[in-house]
Structure formats: C-alpha cells, structure tokens
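Asks: Quick one: the structure is below, and I'll ask about it shortly.
The values are calculated or read from the model by the stated rules, or taken from the named source; none is laboratory data. None of the values given here were measured: they were computed from a predicted structure. Glycine gets a Cβ as well: all are built from the backbone with ideal geometry, and neighbour counts include every protein chain shown. When the accessible area is computed, the model is the full protein with side chains, heavy atoms only, and any ligands, DNA or RNA have been set aside. Shrake-Rupley method; radii C 1.70, N 1.55, O 1.52, S 1.80 Å.
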Amino acid sequence: MALLGNLMTGNSSVYKEFFPYIEPRQGQNEMMSEIEKAIKTSVNICAEAPNGFGKTCVTLSGILPWINENGGKIIYCARTHRQLDRAMEELKEISKRRDVSGVSFRGRNHMCLNPFVIENADFVAPISEVCGQLKATGRCSYYERLKRAGEPDELLEDCPSRVLTAPEIVKIAESRAMCPYEMAKRLAKVVDVVALSYLYVFDPWILELFVPDLGTPPSKMVLVQDEAHNVPATALDSASDSLTIRVVRQATREASDGPHKDSTSFEFCKALTKKILDFSSGLKEHDEKILDPVEIIELSVRAAGLDSVDRVLHHMLEHGMKIRKGLLKAGKFPRSSTHRVAEFLLRWLRCSKREDYTFLIASARSSGGVKRVSLDLVALDPTSVTSPVLRMVHSSVAISGTISPLEAYSEMLGLGEEAIKVTYQSPFAIQNRLGLIVSGLDTSFENRNDAMFKRLVDHCLAVANVTPGNTGIFTSSYSIARSLVDAGLEKRLKRKLFIERPGMKGTDNDKMIEEYKAQGAKRGAVLLGVQGGRNSEGGDFPGPTMESVVVVGVPYAKPTPRMEALIRYYDATFDQKGRDYAYVLPAMTRAIQAAGRPVRRLDDRGAIVLLDQRFATPYLSRFIPAWLREVLQVVPDNPEMISHQVESFFMT
C-alpha cells in the first residue's frame with residue numbers, strides 16, 4: 001500500500017522501488033526517470049544507450065510502476081531468443097524486491113511437443129493452422145490435458161517461479177504432458193511482463209489472434225521494442241510475401257489427378273507456371289525485375305481458357321480448403337498447395353493498386369544448387385505495420401545501442417512527432433576503448449583486387465596477433481570473407497580461425513561459437529563472420545571471448561530493383577531522405593553492431609578497427625553513435641603502426 005501511495009501522490013522516482021541493484025550506473029537514474037515520465041503521460045520514447053548500459057533492467061524498472069498502478073502489462077519484444085530470456089533474467093532480479101511476474105515465448109515450432117505437428121509443418125501449411133485445427137477437433141492430447149489444469153492464476157501459483165523463460169515453461173509442461181505453448185499463453189493472461197518475438201507484434205495476422213489471449217486491454221499495454229533498429233526491416237518482412245514456382249508446380253500436380261483433381265486449378269496453375277518461366281527467362285542468377293502485378297495473372301487465366309480471375313482464385317481457395325479439411329479428417333497433415341497459391345495471389349491482387357508495395361519476379365539459387373524463381377510481394381512502408389500497433393497500445397519504449405540518428409528511426413518506427421528522443425552516454429571509461437579508422441583503404445567494388453585483399457589481411461593480422469584474447473573480423477559480405485581467406489588470412493594467422501559460413505545451421509554455429517569462446521582464455525582465436533550476421537548482432541562476447549574487432553568494409557545492400565523502389569518510396573514519404581533511410585543507415589547500423597561486440601561489460605577493454613576510410617567521411621560519420629565516435633581516430637594505412645597501437649592499448 002505504501003508503494004501505491006507513492007504512485008498516487010505523483011512521486012516521480014518510484015522506479016527506485018523496482019530497480020534491483022544497489023547502486024545505479026551513470027545515466028541509469030536519468031533513463032528510468034525519463035521512461036517513467038513518458039509512460040505516465042502516454043508518450044512514446046526512443047532511447048539510445050550503448051551496450052553494457054543495462055538497458056533491459058532500466059527499461060523494466062521505469063515502466064513497472066505504471067503497470068503496477070494501472071493493472072497493465074508490458075509487451076517486451078525482441079528479435080532473438082537470448083534477448084527475450086535476458087528480459088526474464090532481469091525480471092527475476094526485480095522479483096527479489098517486488099512481486100512481479102513474467103513469461104517469455106518461443107514460436108510453436110520451438111515449444112510444441114506433438115510429434116504429428118513437428119514432423120509435418122512447413123510453409124505450405126503453417127504450424128499455427130494445423131495446431132488450431134487439431135485443438136478445434138479435440139485431437140491434441142497435450143492441449144486437452146492443459147484445458148483441465150485450472151484457471152491461469154492457479155496455473156501460475158502451481159509453477160516453481162512467477163518469472164519463467166520459455167525453456168523453463170517447456171520443461172514444466174513436458175513433465176505434466178501438457179502443451180507448453182498453450183501453457184505460456186494461459187500464464188500470459190495473469191503476468192506483468194510478456195516477452196516475445198517481434199513477429200507476434202508486427203505481423204497483423206498473428207497480432208489479431210494473439211492480443212485477445214493476453215487478458216489485458218491494449219490501452220493498458222506498454223510496448224517495449226528492444227534492439228529497435230531491427231524493427232523497420234522486421235515490419236517490412238512481415239508485410240511481404242513470396243510464392244515460388246515450386247509451390248505452383250506442386251499445386252498443378254495436386255489438381256491433376258486423384259482425389260484432389262480439379263480442372264480449373266490444374267489448368268490455371270499449369271498456365272501460371274509457364275508465364276512465370278516466360279517472365280523470368282532473361283533473369284540471371286540472383287536477379288529480379290519489377291512487373292505488372294495484374295498482367296501476369298490475367299495472361300495466365302486467358303492462357304488456361306478460363307473466364308474470370310476473381311472466380312478462378314476464389315474457386316481454388318475453396319477447393320484448397322476442402323482438401324485440407326479432408327486430409328485432417330483422415331488423420332493426415334492438412335497441406336494444400338492449391339490453397340497456398342490462391343491465398344497468395346488474392347493478396348497480391350488486393351495490393352496491386354497500393355503505392356506502398358512493389359511487385360517482383362526474382363531468380364535465385366537455393367542452397368542445394370536448384371534455381372528458385374518466385375513472385376515477390378514487397379512491402380515498402382514500415383509505418384503501415386507499426387503505426388496501427390502504436391495507436392492501439394498505451395505507449396511504446398524503443399531502445400537500442402545503435403539507433404542513430406534518433407530522428408530517422410523515430411520516423412521509420414512511426415513513433416510520432418511528440419515522441420521523446422534521448423541519447424545516454426557510455427558508462428565505459430574512455431581509456432577502456434580504442435577506436436581506429438584506417439585511411440587509404442576503400443573496399444568499394446571498383447577497388448577490389450588481389451593487392452587490396454592482401455593489404456586487408458595485413459591489417460587483420462596486425463590486430464589479431466597482438467590481442468591477448470579473441471578477435472572478431474566482420475566483413476561486409478561472405479564474398480569478401482572468402483577473398484580474405486584466399487589472400488592468406490588462415491595460412492598466415494598464428495591462431496585458430498573459425499569461419500561463419502552462409503546457410504550454417506544454428507546448432508552448428510552455436511557449437512562453433514562455444515569452441516571459439518573457450519580459446520579466449522588460452523592462446524586466443526579469430527572469428528571470421530559478416531556484418532548483419534547472427535554473430536555480429538546477436539552474439540555476446542564478454543571479456544577475453546572477443547577483445548578486438550575488425551570491421552572490414554561498409555555493408556551496403558546490393559542496388560536491386562526492390563532497393564531502388566524502397567529508396568523512391570522513402571524519398572516520397574520521409575522528405576527526400578530515401579537514400580539515407582533505406583540504403584546508408586541500415587548499412588551503418590550493421591557495421592556499428594559489429595563494432596560493439598567487444599564492449600559488453602563495464603570492465604571490458606575493447607579495440608575497434610574500421611578498415612575502410614569511408615567511415616571517416618562526414619557522409620557516414622554522422623551515423624556513428626557517440627559511444628564510438630568519442631574514441632575514434634583516423635590513422636595511416638600502416639599495419640605495423642596499427643599493431644603497435646593495439647598492443648600498447650592492451651598493455652596499459
């Protein structure tokens with residue numbers, strides 16, 4: 001009651017009651033106070049604070065007073081499982097001081113125990129649809145057992161803790177032969193904090209289904225967007241879609257004979273396959289072109305001898321639904337390619353008049369070497385996804401260590417003109433960071449040759465061989481990483497080299513990183529990865545597990561038709577800032593994320609070397625955040641000098 005009294009009298013520092021540590025670090029009090037005030041006044045806030053600041057704990061502590069007073073709920077969204085579990089770890093610390101509760105989610109595919117679902121789900125028949133049909137027909141024993149487990153409050157009281165990560169929920173549910181995913185959903189109704197993937201929030205279809213299950217009106221929800229620099233791209237991905245020629249061919253076979261035979265579906269899909277091949281005939285590998293979204297469908301209907309696009313696609317949709325229901329009734333997996341084709345094309349045509357979409361035919365090569373041709377529906381406006389969500393909730397807190405300039409990200413996130421935008425300084429001592437930009441090196445495409453790659457290797461070796469612990473080398477692309485190896489990186493290195501490869505399985509990568517980290521306390525090793533990859537963004541490398549990082553090149557995206565379309569749309573939407581927002585800023589964010597890997601804890605010492613003189617230009621340096629900009633210095637293209645500076649840094 002004393003806590004409630006403080007809140008009711010407008011005490012502006014109630015966050016102190018929730019902050020779990022003895023002494024806040026520099027800037028933490030200010031950030032908690034700013035967040036608490038923003039939430040009270042229902043204003044969105046966009047905050048940049050560097051790695052190691054303690055953003056997760058500070059954000060939760062700043063919001064929980066309002067949640068406690070108003071019976072609200074924090075929706076904490078992030079990109080990786082590790083970030084979601086980290087939120088629960090901090091909440092557990094807070095729970096030692098205050099009665100708070102929370103759960104973190106995984107997708108159904110990570111939590112489901114039903115063998116039938118696990119073995120059969122794919123893109124044609126999403127796991128959510130199969131799960132829904134099994135529950136509706138009473139054919140999932142795990143769900144049926146959970147239904148008899150009592151009310152959500154009772155379920156929470158029966159758990160060993162009031163703050164649970166998704167893996168902990170899976171373990172509890174498995175021991176009781178209950179559905180972990182549905183258990184998490186039930187617990188979500190009665191806890192203070194729900195941590196989940198961006199997709200639950202920024203996929204309109206998932207959001208519509210999921211929000212009612214949270215048991216709290218959206219007007220009493222506070223949305224946290226962790227690592228918010230990822231949100232614009234996530235929003236665009238969630239609003240986009242793709243249909244491969246492989247699925248169209250599967251639909252043709254499905255409708256050609258047997259119990260699912262259907263002449264309309266067969267003739268249309270056969271004609272569509274031919275038109276896709278015709279339209280893509282001039283495309284090279286990893287090529288694409290913009291097309292008229294209506295023309296290719298109308299030509300296919302005409303070639304099939306059918307009379308109406310609308311009638312054909314709705315007929316296929318209904319036929320596909322019948323196929324799926326029949327398969328489920330027979331105890332088989334409800335997969336229908338006919339339904340998938342119709343569903344995609346109806347949406348494709350619904351979006352055909354919209355300016356915030358572009359329509360492509362694309363050619364690529366699959367990991368197995370097979371040519372992949374697809375129709376791609378590409379969303380161009382992240383705010384079309386984020387703005388409806390932000391209007392729905394009480395307010396939002398967007399946080400990141402790389403969200404400069406704040407004005408740009410605030411616009412792309414759709415936070416509104418009234419949003420608070422604030423940057424917090426690094427709590428790390430300046431003497432614990434060394435930042436170098438090497439002049440005379442430019443990795444632009446036209447400058448790439450054997451001599452340049454040999455010079456890049458010279459610099460990588462200069463850094464790695466004098467670093468006491470591990471070094472990370474993050475290139476702008478996999479092709480540059482291969483070129484460094486070809487130029488002698490591995491042969492000349494005095495330490496073991498670990499290489500992140502394209503298409504690498506998550507489990508294989510985790511195993512490699514575990515072995516790499518173990519080398520930090522021994523002779524030291526080198527990790528060769530890419531900017532924007534899982535290790536340069538999601539990896540946590542404290543202490544000797546990564547003491548130096550070399551950022552090789554500026555990771556600009558390939559200038560494709562979809563990129564040009566995005567730049568044009570951003571120019572029109574964001575006051576001629578298309579190139580900055582769509583092309584330059586994402587590249588710099590990837591580079592800065594990689595640069596921040598060595599400085600994760602207050603006592604970490606990290607050397608950061610940027611191997612491209614373009615980082616020093618006014619054009620790019622305006623996107624470098626303060627925590628890095630304050631220690632950067634431009635140095636000559638001299639590997640011996642670099643080696644001496646890095647060695648001296650670690651010796652002092």
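Asks: Tell me the net charge near GLY488. Cut-off is 15 Å between Cβ atoms, GLY488 excluded, with +1 for each Lys or Arg and -1 for each Asp or Glu.
Replies: Taking every Cβ under 15 Å from that of GLY488, the sum is +3.
Asks: Hey, another quick one. Rounded to the nearest whole Å³, what is the per residue volume of the convex hull around the Cα atoms of region 368-502?
Replies: 237 Å³
Asks: Could the peptides 539-547, 163-171, 526-534 be put in order, highest first, of the mean number of other beta-carbon atoms found within 10 Å of their residues?
Replies: Packing order, densest peptide first, comes out as 526-534, 539-547, 163-171.
Asks: Modelled label-to-label distance, PHE445 and ARG601, 7 Å Cα→beta-carbon offset: nm?
Replies: Spacing of the two 7 Å Cα→Cβ label points: 4.3 nm.
Asks: Something else about it: Using r as the Cβ-Cβ distance of SER33 and ARG568, and R0 as 35 Å, what FRET efficiency do you calculate, to the nearest 0.05?
Replies: Calculated value: 0.25.
Asks: How large is the translational diffusion coefficient of region 483-546 in µm² per second when you combine the Kirkwood radius over alpha carbon pairs with Stokes-Einstein at 4 °C and 1.567 mPa s?
Replies: Using the Kirkwood radius from Cα pairs, D works out to 104 µm²/s.
Asks: Extension gain GLU89-PHE116, at 0.36 nm per residue separation less the Cα-Cα distance, in nm?
Replies: Numbers: separation 27, 0.36 × 27 = 9.72 nm, distance 3.28 nm.
Separation in residues times 0.36 nm, less the Cα-Cα distance, equals 6.4 nm.
Asks: Give, as a single signed number, the net charge of other residues whose beta carbon lies under 11 Å from the beta carbon of GLY62, with Lys and Arg counted +1 and Asp and Glu -1. Mind showing how you got there, number by number?
Replies: Details: positive: LYS16, LYS37, LYS40, LYS55; negative: GLU30, GLU34, GLU36.
Computed value for this residue: +1.
Asks: Another question about this same structure. Going by average Cβ neighbours within 10 Å, how do the peptides 202-214, 386-398 rank, with the highest at the top?
Replies: For the peptides 202-214, 386-398, the packing ranking is 386-398, 202-214.
Asks: For LYS220, go through the aspartates and glutamates and keep the ones whose alpha-carbon is under 14 Å away, minus same-chain ones fewer than eight residues off.
Replies: Qualifying aspartates and glutamates at Cα under 14 Å: GLU69, ASP192.
Asks: Could you tell me the extents of region 329-418's C-alpha atoms along the three principal axes, largest first, rounded to whole Å?
Replies: 53, 37, 31
Asks: Among the lysines, which have Cα under 25 Å from the Cα of LYS577 when same-chain residues fewer than 8 positions away are ignored?
Replies: In chain and number order, the partners are LYS289, LYS353, LYS421, LYS558.
Asks: Another question about this same structure. Give, rounded to the nearest 20 debye, the magnitude of the charge dipole that the chain has about its Cα centre when Lys and Arg contribute +1 at Cβ and Asp and Glu contribute -1 at Cβ.
Replies: Around 1660 debye, computed over the chain.
Asks: Compute the accessible area per residue over region 69-185, keeping the other protein chains in place, probe 1.4 Å, unit Å². Write out the running numbers ahead of the final one.
Replies: Working: 5260 Å² over 117 residues.
Heavy-atom accessible area per residue stands at 45 Å².
Asks: Could you give the length gained on full extension between SER141 and HIS644, defined as 0.36 nm per residue of separation minus the Cα-Cα distance, in nm?
Replies: So the chain would gain 174.5 nm between SER141 and HIS644.
Asks: While we're on this one: To make sure I understand the rule: partners must be lysines, Cα under 17 Å from the Cα of LYS92, and not fewer than 8 residues away in the same chain. Which ones qualify?
Replies: List returned: LYS16, LYS55, LYS73.
Asks: Which whole-Hz ³J(HN,Hα) couplings does region 513-525 yield from phi under the Karplus relation 6.51 cos²θ - 1.76 cosθ + 1.60, θ = phi - 60°, glycine and proline marked x?
Replies: 5, 4, 5, 4, 4, 4, 6, x, 8, 10, 8, x, 9
Asks: Report the convex hull volume per residue for the chain, counting only C-alpha atoms, in Å³.
Replies: Dividing the Cα hull volume of the chain by its residues yields 161 Å³.
Asks: Further question on the same structure: Can you tell me the order of 321-327, 87-93 when each peptide is scored by its average per-residue count of other Cβ atoms within 10 angstrom, highest first? Spell out each step's value before the answer.
Replies: Numbers: 321-327: 16.7, 87-93: 21.3.
Ranked by mean Cβ neighbours within 10 Å, highest first: 87-93, 321-327.
Asks: Moving on to the next point. Taking θ as phi - 60°, what are the ³J(HN,Hα) couplings along region 94-111 by the Karplus curve (6.51, -1.76, 1.60), each to the nearest whole Hz, with x for Gly and Pro?
Replies: Residue by residue, region 94-111 yields 4, 5, 6, 9, 10, 7, 10, 9, x, 9, 10, 10, 10, x, 3, 5, 9, 10 Hz.
Asks: Hey, any idea what % of the chain's accessible area is carbon plus sulfur with a 1.4 Å probe?
Replies: 51 percent
Asks: Sticking with this one: Contour minus end-to-end for MET392 and VAL485, with contour as 0.36 nm per residue of separation and end-to-end as the Cα-Cα distance? Let's see the in-between values first.
Replies: Working: separation 93, 0.36 × 93 = 33.48 nm, distance 5.04 nm.
28.4 nm is the gain from fully extending MET392 to VAL485.
Asks: Okay, next question. In square angstrom, what is the accessible area per residue of region 477-600 with a 1.4 angstrom probe?
Replies: In whole numbers, region 477-600 has 42 Å² accessible per residue.
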